[in-house]
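The structure appears right after this line, and notes come after that.
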Amino acid sequence: MWHKEYDRRLADWISLRREIRHLPLLDCLQTINHWWQATPWQAYYLHWDDRKTWPDPWQLLADNIYCDLARALGMLYTIRLIDRPDCQDVCLTETDRGNLVQIQQGKYVLNWWPDRIVNIQSEPTVTLRTLESPVLDHLIR
């Protein structure tokens, strides 16, 4: 269940990051994907054209509005904040299938399926835009 109070959402997110920091990579990514997929979905909160005004992770949790892009952004923020060496190569990609978080040059893909990560793309996608995670680091450091 997703908490209505910001303080509880923040505490859960902190707990998530502590829990996954030392998990095997696949378990770590699966847990991140599952946690953000549990957010209450709402269409049209963020847009790629407005990326200069995207919320930082704490504002994203405070706003509590999660479109497909907001979920992907939350996943990316979580990955960047756990600071794992095996997750340094992460990017946010807009495709014709939605907004995806790709780790290790697309070896692992989050935000494709609600209940699992993908480590092979069984269906081709068309990449519309890509944003390397260091571009957003100013929002989380």
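Here are the numbers for this structure:
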| read-out | value |
| --- | --- |
| Extreme residue, farthest from His138 (Cα to Cα), among residues of region 31-59 that are surrounded by fewer than 17 Cβ atoms within 10 Å (Cβ to Cβ) and either in contact (Cβ under 8 Å) with a residue 60 or more places away in the chain or among the acidic types (Asp, Glu) (or both) | His34 |
| Filter result (within 8 Å of the chain's Cα centre (by Cα) and either of a type in the set (Phe, Trp, Tyr) or part of a loop (DSSP other than H, G, I, E, B) (or both)) within region 73-89 | Tyr77 |
| Residues located in region 33-66, provided they are assigned to a helix (DSSP H, G or I) and in contact with a Gly (Cβ under 9 Å, 6 or more places away or on another chain) | Trp35, Trp36, Pro57, Leu60, Leu61 |
| Test: residue in region 6-21 that is touching a strand residue (DSSP E or B) at 6+ places or on another chain (Cβ under 9 Å) and closer than 23 Å to Trp112 by Cβ | no |
| Any pair with Cβ under 8 angstrom, 6 or more apart, that starts in region 128-139 at a residue that is closer than 17 Å to Thr78 by Cβ and in contact (Cβ under 8 Å) with a residue 40 or more places away in the chain and ends at one that is outside any strand (DSSP E or B) and β-branched (Val, Ile, Thr) | Ser133/Ile79 |
| Criterion: among the acidic types (Asp, Glu), under 23 Å from Thr93 (Cα atoms) and over 15 Å from the mean Cα position of the chain (by Cα) - qualifying residue of Asp7, Asp49, Asp12 | Asp49 |
| Filter result (surrounded by 15 or more Cβ atoms within 10 Å (Cβ to Cβ) and polar (S, T, N, Q)) within region 60-93 | Asn64, Thr78, Thr93 |
| Selection status of Pro40, over 17 Å from Thr127 (Cα atoms), modelled with pLDDT under 95 and within 15 Å of the chain's Cα centre (by Cα) | yes |
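The values are calculated or read from the model by the stated rules, or taken from the named source; none is laboratory data. Being a predicted model, the structure only gives us computed values, none of them experimental. In this analysis, Cβ positions are derived from the backbone assuming ideal geometry, glycine residues included, and neighbour counts consider all displayed protein chains.
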